[in-house]
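Presented below is the structure to which this report refers.
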């Protein structure tokens, strides 16, 4: 949970909405760790900003569901080669209903637009998460969608 001192900062309803969405998508443990790692550092303000602005201001907008936003994020993070963020968003995409096949196809799709090196590097991250969350593909190399 977010520490008591950070809770006392001036946070509004958009922050609270963003915190709820961020926890639902990324998982409470992930979000708690992000805030804990930033506590008592200059990074704490960035965690508040991201929660308020990105999660509370963007993810709560009407027009796209969370599943669609997760799909977009995967492509964006692959294009940016933001692998540190990619693993968490693969887990979030699974929570938001994307299948193993859809995530893999997203990486393949990026190869045509971002280049093979970006897609290959991203697939290494994605594969670790898929294996950890869903288990490895069976010997028949089926889709193993969940």
Per the list (1) without any contact (Cβ under 8 Å) to a residue 40 or more places away in the chain; (2) surrounded by 13 or more Cβ atoms within 10 Å (Cβ to Cβ), residue check on residue 117 breaks on (2)
Within region 8-22, the residues that are surrounded by 12 or more Cβ atoms within 10 Å (Cβ to Cβ) and assigned to a helix (DSSP H, G or I) are 14, 15, 16, 17, 18, 19, 20, 21, 22
Within region 29-41, is even one residue farther than 29 Å from residue 115 by Cα and in contact (Cβ under 8 Å) with a residue 40 or more places away in the chain? yes
Wholly inside region 23-122, helices (runs of 4 or more DSSP H) that include 2 or more residues that are closer than 30 Å to residue 13 by Cα and at pLDDT 95 or above are 28-38, 43-49, 66-80, 83-95
Can you spot a residue in region 105-114 that is within 19 Å of residue 132 (Cβ to Cβ) and surrounded by 14 or more Cβ atoms within 10 Å (Cβ to Cβ)? yes
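The values are calculated or read from the model by the stated rules, or taken from the named source; none is laboratory data. Since the model is a prediction, treat every value here as computed from it, not as a measurement. Note: ideal-geometry Cβ built from the backbone for every residue, glycine included; neighbour counts use all protein chains shown.
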